[in-house]
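One structure is given here, and the rest of the page talks about it.
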Amino acid sequence: AQSVTQLDSHVSVSEGTPVLLRCNYSSSYSPSLFWYVQHPNKGLQLLLKYTSAATLVKGINGFEAEFKKSETSFHLTKPSAHMSDAAEYFCVVGDNAGNMLTFGGGTRLMVKP
Amino acid sequence: NAGVTQTPKFQVLKTGQSMTLQCAQDMNHNSMYWYRQDPGMGLRLIYYSASEGTTDKGEVPNGYNVSRLNKREFSLRLESAAPSQTSVYFCASSPRGGIQYFGAGTRLSVL
């Protein structure tokens, strides 16, 4: 069994300040972990994927996430927010085969000018 | 650069009507998926097809049927639509598990 909890449903930051979106997961096996982004009225786009090769994963658009097994966390960060980062972000855990993805409830990121 | 294409983009149904949501991918992927997205709940897997000729239930399959028509196409059918099926539906594909690539979605309202 697997589950994902995104700890904040909404996060608001000012442009140019750091972004932190928090995610905790549970999984019966070594998990596959992803972050996806969804802009308004659009499909989902992959930001990054944890592959067990490195605990710090770099993604697109300056985002990165750190896998912490001891804390069962996979938080998403960005040093400096841009207006175009305003979107909904989903933390996702996959099963061994990669077919059963379990999504967190999402975090809506708002970026203020 | 089409990727995953879903049709229609919008649909309004009356309770009891039937319809089929279409999905096609041009990336030669083996696996395809149907999700629904409801506010505050992320995406939930309805059905998936790990390879051509196979389909399996996901987390919320009740009220839906699927057909993997060929390697490219995976359709989702609502035989008798209910208001609880009002949602945004996403199709996705992947080479063989792992990273999934999503379509733009179909917004369905059942009155």
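The values are calculated or read from the model by the stated rules, or taken from the named source; none is laboratory data. Since the model is a prediction, treat every value here as computed from it, not as a measurement. Neighbour counts are summed over all protein chains in view; Cβ atoms, including those assigned to glycine, are modelled from backbone coordinates with ideal geometry. Each accessible area value is taken on the protein alone, full model and side chains, heavy atoms only, with ligands, DNA and RNA left out. Shrake-Rupley method; radii C 1.70, N 1.55, O 1.52, S 1.80 Å.
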Out of segment A:55-74, which residues are at pLDDT 90 or above, in contact with a strand residue (DSSP E or B) (Cβ under 7 Å, 6 or more places away or on another chain) and more than 14 Å from chain B (Cβ to nearest Cβ)? A:Leu56, A:Lys58, A:Gly62, A:Phe63, A:Glu64, A:Ala65, A:Glu66, A:Phe67, A:Thr72, A:Ser73, A:Phe74
Mind checking which pairs have a first residue in segment A:87-113 that is at the interface with chain B (Cβ under 10 Å from one of its Cβ atoms) and a second that is open to solvent by 40 Å² or more (accessible area, probe 1.4 Å) and basic (Lys, Arg), Cβ under 7 Å, 6 or more apart or different chains? A:Glu88/A:Arg108
Go through segment B:78-91 and give me each residue that's in contact (Cβ under 8 Å) with a residue 40 or more places away in the chain and open to solvent by 60 Å² or more (accessible area, probe 1.4 Å). B:Glu79, B:Ser80, B:Pro83
Note on segment B:19-59: residues more than 12 Å from chain A (Cβ to nearest Cβ), surrounded by fewer than 20 Cβ atoms within 10 Å (Cβ to Cβ) and under 15 Å from the mean Cα position of the chain (by Cα) are B:Met19, B:Thr20, B:Gln22
Out of the residues in segment B:73-111 that are among the β-branched types (Val, Ile, Thr) and part of a loop (DSSP other than H, G, I, E, B), which is farthest from B:Ala24 (Cα to Cα)? B:Thr86
Out of A:Ser52, A:Ser26, which single residue is modelled with pLDDT under 95, surrounded by fewer than 16 Cβ atoms within 10 Å (Cβ to Cβ) and in a strand (DSSP E or B)? A:Ser26
Of the listed residues (B:Ser109, B:Ser75, B:Ser94), the one being open to solvent by less than 60 Å² (accessible area, probe 1.4 Å), at the interface with chain A (Cβ under 9 Å from one of its Cβ atoms) and of a type in the set (Ser, Thr, Tyr) is B:Ser94
I'm trying to understand the selection: among the residues of segment A:33-49, which are closer than 22 Å to B:Thr106 by Cα, open to solvent by 40 Å² or more (accessible area, probe 1.4 Å) and touching a Phe, Trp or Tyr at 6+ places or on another chain (Cβ under 7 Å)? A:Gln45, A:Leu46
